[in-house]
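Working notes for the structure below.
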Amino acid sequence: MRNRERVWRHHRIQLYYAAVVFIVMTLSLFVTGAGAVVLYLTGVWRSVTLMAIGWLAAASLLIGVVVSAAISRRVLSPVIRLSEAARRVAQGDFSVRLENPGRLEEIRTTYDSFNDMVQELGATETLRNDFVANVSHEFKTPINAIEGYAMLLQDPALTGEERQEYIDRILEGTRRLSTLVSDILMLSKLDNGVLTVQRETFRLDEQIRQALLQLEPRWTEKRLELDVELDSVQYTGFEALCMQLWTNLIGNAVKFSPEGGTVRVLLRDRDTRIVVTVADEGEGMSEETQRHIFEKFYQGDTSHRSEGNGLGLALVKRIVAACEGSIAVESVPGEGAVFTLELPKRSES
């Protein structure tokens, strides 16, 4: 239907310009013919010289040119404005907006599409600049730490305990850098659709149990209680990516839960979809944080900044999209957060 509408609009523009040319030609012929009729009726046809006929033709041509110029200016001025606006956008000015030019629907539609395009380009440029700034900051912090501790290790007067502490800090910085690089590469692949992983059939409940076991040192250190209810679910999807989903979501719940709190993990097998819920008893988040929580490098709680790089939930969002599912968060400040993830069921074929 949309293609048919575009074709119809294109034909309307062609008809519009054809009508303009036809009107101008008709007007020129009318002036010439009217002049000839006047000369004939006044009886001076025979006495008309070639010079007079030339002047008549010139007048007719002049009128045609003036009328054509006026109509062309009216018709072409929106196109000229569009061209000038496009030139400014090409030079990096994303504040350009085109106002509604008039009654012609095709021009209005073109202007609206142009404004939408520039708005999206401006948003993309802002995200790109923010991304570069954030990546630079995230790399700079651990690199500076590694450099500082490496310099301290050169002191021959260090005790064995101090030396081991500095080595541990350097290893922590390198792990953080490695995780950051891996997350950025994964985000890039997801954003550009170049993942080469194949769908596999596996037990989703068993995979979530494995994720909980991987995170055991973290939740036992904080003496957290786990409330786990998992339906038996056979799922066909990206096994490695799904594992990253659970480690990121449950890891976040563990990170933000208070010591001695409870983390709840539910897996429910519905008729046409699979629902996973991960809830914590942390400090919760504001509405503003909820709006941005899935954005790259966004960290609403800066007190935990040293424990992550702000890419975990952005990765979760991209992986869920790759699985054709959805994810939402509900939270009230002081009452924790609940992440609800839905995945469509797939046949094993």
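The values are calculated or read from the model by the stated rules, or taken from the named source; none is laboratory data. Computed from a prediction, not measured in an experiment: that's the story for all the values here. Methodologically, a virtual Cβ is constructed for each residue, glycine included, from the backbone with ideal geometry; neighbour enumeration extends over all protein chains shown. Calculation scope for accessible area: heavy atoms of the full protein, side chains included, ligands and nucleic acids excluded. Shrake-Rupley method; radii C 1.70, N 1.55, O 1.52, S 1.80 Å.
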Problem - Long-range HN-HN contacts of Arg273 with modeled amide H, under 5 Å - result: Lys345
Fill in the blank from the handout: For Lys222, the accessible surface traced by a 1.4 Å probe with all protein chains present amounts, in square angstrom to the nearest 10, to 50 Å²
Handout entry: Under 5 Å, built H, 5+ apart or other chain: amide partners of Glu200
Key = Gly237, Phe238, Glu239
Problem - segment 248-264 - phi-based ³J(HN,Hα) in whole Hz, Karplus 6.51/-1.76/1.60, Gly and Pro as x - result: 6, 5, 5, x, 5, 4, 5, 4, 9, 7, x, 4, x, x, 10, 10, 10
Completion exercise
Checking rank on 158-170, 319-331, with mean other Cβ inside 10 Å and highest first, the result is 319-331, 158-170
Completion exercise
With x for Gly and Pro, the residue-by-residue ³J(HN,Hα) of segment 316-328, computed from phi through the Karplus equation 6.51 cos²θ - 1.76 cosθ + 1.60 at θ = phi - 60° and given in whole Hz, is 4, 4, 5, 5, 4, 5, 5, 8, 6, x, 9, 9, 9
Practice task
Skip the ligands, DNA and RNA, and give the accessible area per residue of segment 143-293 with a 1.4 Å probe, whole Å².
Solution key: 57 Å²
Fill in the blank from the handout: So, over other residues within a Cβ distance under 12 Å of Asp205, counting Lys, Arg +1 and Asp, Glu -1, the net charge is -1
Practice task
Given the peptides 276-288, 144-156, arrange them by the average over their residues of other C-beta atoms within 10 Å, most packed first.
Solution key: 276-288, 144-156
Completion exercise
For Gly261, other-chain or 5+-apart residues with amide H closer than 5 Å (H placed, Pro excluded) are Glu225
Exercise for the section: Could you please report the charge total around Leu82, scoring K, R as +1 and D, E as -1 over all other residues with beta-carbon less than 13 angstrom from its beta-carbon? Expected result: +1
